[in-house]
Amino acid sequence: MAKETNKVRSLKEVRDAIAKGLADITTEDLVVSHLDFGEHAEGYRWELHRGEVPFWVDLMRFQGQLDLLVAYSIMFVVPEKWDESKKTELYRFLLSLNDFSQSWDTKFFLKGTAVVLCASRAGDEITKESSRFLVDSFSRFAQILSQKVSENYGELTKLTVKTEDGNSVETGQN
């Protein structure tokens, strides 16, 4: 008898597996939010911290079957005084770092004045173990890539962090 291999796990099943994986690597109380992207996509979001730096893990399901797990964090804030040529230089440098991280779908990108690090995993391999591995690998890449950016752009030292009273502030990274 042929084994059924095309069964799509329920979104709740995937969410619960990820929650267990994240609970294994943090002592924080995990808060999960439901995300509604409209008619064709839905998902969940967890907010975590590595030290003081917040990052988010999103689970998204598209068209009722394709799952995407994404971890991302705002790594740096580009100073307002930078002109377009300096931003272009930074963008080219980030592209070279993206090549450095080819083994994972880990990328830097610019969103407004923020430099964001993002790692993702798609498909059926989203399990407790793979979610834990994604976040652990993301965290390690964040440290390595952050160091490389700081070596070349020391002025990019501001991070958005969450204080004990829940407010967000910018602080020095070093």
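The values are calculated or read from the model by the stated rules, or taken from the named source; none is laboratory data. As the structure is a computational prediction, the values presented were derived from the model and not from experiment. Methodologically, a virtual Cβ is constructed for each residue, glycine included, from the backbone with ideal geometry; neighbour enumeration extends over all protein chains shown.
Between E42, E52, E28, which is surrounded by fewer than 17 Cβ atoms within 10 Å (Cβ to Cβ) and at pLDDT 80 or above?
On inspection, the qualifying residue turns out to be E42.
Within the set of pairs 6 or more residues apart or between chains, which connect a residue that is closer than 29 Å to I126 by Cα inside the range 64-85 to a residue that is of a type in the set (D, E, K, R) with Cβ atoms less than 7 Å apart?
Pairs that qualify, where the first residue is closer than 29 Å to I126 by Cα and the partner is of a type in the set (D, E, K, R), are D67/R61; L69/R121; V70/D58; F76/K158.
All but one of (1) touching a residue at least 12 places away in the same chain (Cβ under 8 Å); (2) surrounded by fewer than 20 Cβ atoms within 10 Å (Cβ to Cβ); (3) under 20 Å from S10 (Cβ atoms) hold for S150; state the number of the condition that does not hold.
The single condition S150 does not satisfy is (3).
Among what's in the range 121-142 and is modelled with pLDDT under 80 and among the hydroxyl-bearing types (S, T, Y), pick the residue that is surrounded by the most Cβ atoms within 10 Å (Cβ to Cβ).
Filtering first and then ranking leaves S139.
Please identify the pairs in which a residue from the range 113-124 that is under 19 Å from T88 (Cβ atoms) has its Cβ atom under 6 Å from the Cβ atom of a residue that is surrounded by fewer than 17 Cβ atoms within 10 Å (Cβ to Cβ), counting only partners at least 6 apart or on another chain.
T113/V77; A114/V77; V116/F109
Going by what's in this entry, would Y44 be described as within 18 Å of C118 (Cα to Cα), among the aromatic types (F, W, Y), touching a Leu at 6+ places or on another chain (Cβ under 6 Å) and touching a residue at least 12 places away in the same chain (Cβ under 8 Å)? Give the steps one after another, and end with the answer.
On the way: within 18 Å of C118 (Cα to Cα): yes; among the aromatic types (F, W, Y): yes; touching a Leu at 6+ places or on another chain (Cβ under 6 Å): yes; touching a residue at least 12 places away in the same chain (Cβ under 8 Å): yes.
Taking the combined requirement at face value, the residue satisfies it.
Of the residues in the range 67-94, how many are under 15 Å from L145 (Cβ atoms) and either in a strand (DSSP E or B) or modelled with pLDDT under 80 (or both)?
6
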